[in-house]
Amino acid sequence: MPQIIVENLVKKFQVAERRTGTWGALKGVFSRRYQAVFALTGINFSVETGELVGYIGANGAGKSTTVKILAGILVPEGGKCVVMERISWLQRIEHVQEIGVVFGQRTQLWWDLPVIESFELLRDIYKVQPVAYRQTLDEMITML
């Protein structure tokens, strides 16, 4: 049985149109025009238990948008998206306790805290049990 099912996934963003020149910028403060930009139009795939998948594409292809929907961060306009038998954005609290997502160019670490304290803060935020946290931390330290 697939652990991830994505069928006809659609995500649209409303993007403010930028007007040229000073006068256009000033007008934009008081009245904005928007255009629809589709990040996803009919994406389909499934991932089976134990399957390893790479999701590649050009900048702007919708990779991050897809992952954010899978993680429950964004809500799509249409289609079906089921992760581990959950609709990620409707059951977000339960969902995020079971997954991990890392985006490049961003960090979960706070610049003014030592790394271990950042990890401990995240452990508390996500309510990870101390024994599971310690075991995972030890595994990661050994692996890295």
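Taking segment 74-110 as the region of interest, how many residues are modelled with pLDDT of 90 or more, within 25 Å of Ala132 (Cα to Cα) and under 11 Å from the mean Cα position of the chain (by Cα)? The number of residues fulfilling the criteria is 1. Taken as a whole, the condition of being of a type in the set (Asp, Glu), modelled with pLDDT of 90 or more and more than 29 Å from Lys12 (Cα to Cα) applies to Asp138. Taking segment 34-79 as the range and being under 18 Å from Phe13 (Cα atoms), without any contact (Cβ under 8 Å) to a residue 40 or more places away in the chain and touching a strand residue (DSSP E or B) at 6+ places or on another chain (Cβ under 7 Å) as the test, the residues that pass are Tyr34, Gln35, Ala36, Val37, Phe38, Ala39, Leu40, Thr41, Gly42, Ile43. Within segment 119-135, which residues are loosely packed, with under 11 Cβ neighbours inside 10 Å and more than 19 Å from Val102 (Cα to Cα)? Result: Gln129, Pro130, Val131, Ala132. Determine whether segment 49-70 contains at least one residue that is at pLDDT below 90, assigned to a helix (DSSP H, G or I) and loosely packed, with under 10 Cβ neighbours inside 10 Å. No, segment 49-70 has no match at all. Summed over segment 1-21, the residues that are surrounded by 13 or more Cβ atoms within 10 Å (Cβ to Cβ), in contact with a Gly (Cβ under 8 Å, 6 or more places away or on another chain) and of a type outside the set (Val, Ile, Thr) give a count of 5.
Answer yes or no: is there a residue in segment 81-97 that is more than 20 Å from Val15 (Cβ to Cβ), of a type in the set (Lys, Arg), loosely packed, with under 14 Cβ neighbours inside 10 Å and assigned by TED's automatic domain parsing to the domain that holds Val6.
Scanning segment 81-97 turns up no residue that is more than 20 Å from Val15 (Cβ to Cβ), of a type in the set (Lys, Arg), loosely packed, with under 14 Cβ neighbours inside 10 Å and assigned by TED's automatic domain parsing to the domain that holds Val6.
In segment 111-135, which residue that is over 22 Å from Ile93 (Cβ atoms) and in a loop (DSSP other than H, G, I, E, B) is modelled with the lowest pLDDT? The residue in question is Trp111.
Going by the conditions given, is Ile43 of a type in the set (Val, Ile, Thr), out of contact with any His (no Cβ under 9 Å at 6 or more places or on another chain), modelled with pLDDT of 85 or more and under 23 Å from His95 (Cα atoms)? Considered against the rule, which asks whether it is of a type in the set (Val, Ile, Thr), out of contact with any His (no Cβ under 9 Å at 6 or more places or on another chain), modelled with pLDDT of 85 or more and under 23 Å from His95 (Cα atoms), Ile43 comes out as yes.
The values are calculated or read from the model by the stated rules, or taken from the named source; none is laboratory data. Note that the coordinates shown come from a computational prediction; the quantities given were computed from them, not determined experimentally. Glycine gets a Cβ as well: all are built from the backbone with ideal geometry, and neighbour counts include every protein chain shown.
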